[in-house]
Amino acid sequence: AQSVTQLDSHVSVSEGTPVLLRCNYSSSYSPSLFWYVQHPNKGLQLLLKYTSAATLVKGINGFEAEFKKSETSFHLTKPSAHMSDAAEYFCVVSDSRNLIFGKGTKLSVKP
Amino acid sequence: DTAVSQTPKYLVTQMGNDKSIKCEQNLGHDTMYWYKQDSKKFLKIMFSYNNKELIINETVPNRFSPKSPDKAHLNLHINSLELGDSAVYFCASSGTGTGYTFGSGTRLTVV
């Protein structure tokens, strides 16, 4: 069965410092992996997706994620956090029938 | 020109009432979904329909009944509402080779 584990429920960074949100996946075959962002009281927005074309995936708003099969990881990074990045982030795996969500990581950005 | 639209955005109702949430997509996708996001932000699949046919029906109380009159619409009807039904409900759609597009959510509050 497919699953994802987000290793941190809450990450706090200062504005201008790097962001790292960690995600490990479990899959019996080559997975399709996604990162979604949810701003407070808003819907879900796709940040980026991995579908085996390239291990380093670039997304919107300066985010990127690297697929590492040896570590079964798909961590999300950004070089410099903005206040507007404060939101809930979800690591997601597709099992061909639907999306399976991690429990989410809340990112706080301090001025 | 909204891709996936849900109505209403907010719904406050008393226990025991029956209510419906509507969802429409104009992307030409074949598959539509209902996800539930609980108070801890956890998102889980409830139902999915492919071209009006039910393909995923997770362990959801019988009080929840999805209806898909055509492949562009997937409505969610809930009978005898309970306090525990309070959540945000997201509609989504997907097509072959395309990603998932989510609606902006319906926040249901049962009082």
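The values are calculated or read from the model by the stated rules, or taken from the named source; none is laboratory data. Note that this is a predicted model, so its numbers are computed, not measured. Virtual Cβ from ideal backbone geometry, glycine too; neighbours counted across all protein chains shown. Note: areas computed on protein heavy atoms with side chains; ligands, DNA, RNA excluded. Shrake-Rupley method; radii C 1.70, N 1.55, O 1.52, S 1.80 Å.
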**Fill in**
Rounded to the nearest 100 Å², the accessible area buried between A and B, both sides, probe 1.4 Å, is 1500
**Request:** Keeping every protein chain in place, order B:LYS67, A:LYS78 by accessible area at 1.4 Å, biggest value first, i.e. largest first.
**Result:** B:LYS67, A:LYS78
**Request:** Give a quick list of GluC sites (Glu not before Pro) in the range A:19-111 that DSSP marks as loop, anything other than H, G, I, E or B, with at most 15 other Cβ atoms within 10 Å.
**Result:** A:GLU71
**Message:** Give me the mean projected area, in nm² to one decimal, of the convex hull enclosing the Cα positions of the range B:4-110.
**Reply:** 6.1
**Request:** Using only Cα atoms, locate the centre of the range A:8-23 and the centre of the range B:49-102, then give the distance between them in Å, rounded to an integer.
**Result:** 33
**Asked** Within the P(r) computed for the range A:3-110, what percentage of the Cα pairs occupies the region above 23 Å?
**Response** 20
**Prompt:** Given a 1.4 Å probe, how much area per residue of the range B:1-94 is accessible, in Å²?
**Reply:** 51
**Request:** Considering Cα pairs under 8 angstrom that are at least six residues apart, work out the relative contact order of chain B and quote it in whole percent.
**Result:** 37
**Request:** Give, ordered by residue number, each residue of the range A:78-111 whose 1.4 Å probe accessible area is reduced by a minimum of 20 Å² on adding the remaining protein chains to the chain alone.
**Result:** A:GLU88, A:PHE90, A:ARG97, A:ASN98, A:LEU99, A:PHE101, A:LYS103
**Request:** Check cross-link reach from B:LYS67 to the lysines: straight Cα distance under 26 Å, and skip same-chain residues fewer than eight apart.
**Result:** A:LYS42, B:LYS9, B:LYS19, B:LYS22, B:LYS36, B:LYS41, B:LYS44, B:LYS52
**Item:** B:ASN26 versus B:THR98: modelled label distance in nm, points set 7 Å from Cα along the beta carbon direction
**Value:** 1.3
**Asked** What residues qualify as long-range amide H neighbours of A:ALA87, i.e. H under 5 Å apart, gap of 5 or more or another chain, H built at 1.01 Å from N?
**Response** A:LEU107
**Asked** Counting only protein heavy atoms and using a 1.4 Å probe, what share of the accessible area of the range B:18-111 belongs to carbon plus sulfur, as a whole percent?
**Response** 47
**Carbon plus sulfur fraction of accessible area for chain A, probe 1.4 Å, in percent** = 52
**Prompt:** Using a 1.4 Å probe, what is the accessible area per residue for chain A, in Å²?
**Reply:** 49
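Tell me, what is the FRET efficiency for B:GLU82 and A:SER28 to the nearest 0.05, using R0 = 30 angstrom and their Cβ-Cβ distance as r?
Values: r = 37 Å, r/R0 = 1.22.
With R0 = 30 Å, the Cβ-Cβ based efficiency is 0.25.
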**Request:** Calculate one ³J(HN,Hα) per residue across the range A:49-66 by plugging θ = phi - 60° into the Karplus curve 6.51 cos²θ - 1.76 cosθ + 1.60, and present them in order as whole Hz with x for glycine and proline.
**Result:** 9, 10, 9, 6, 6, 8, 6, 9, 10, 9, x, 7, 6, x, 7, 8, 9, 10
**Prompt:** To the nearest 0.05, what FRET efficiency results for A:ILE60 and B:ASN62 with a Förster distance of 41 Å applied to their C-beta separation?
**Reply:** 0.55
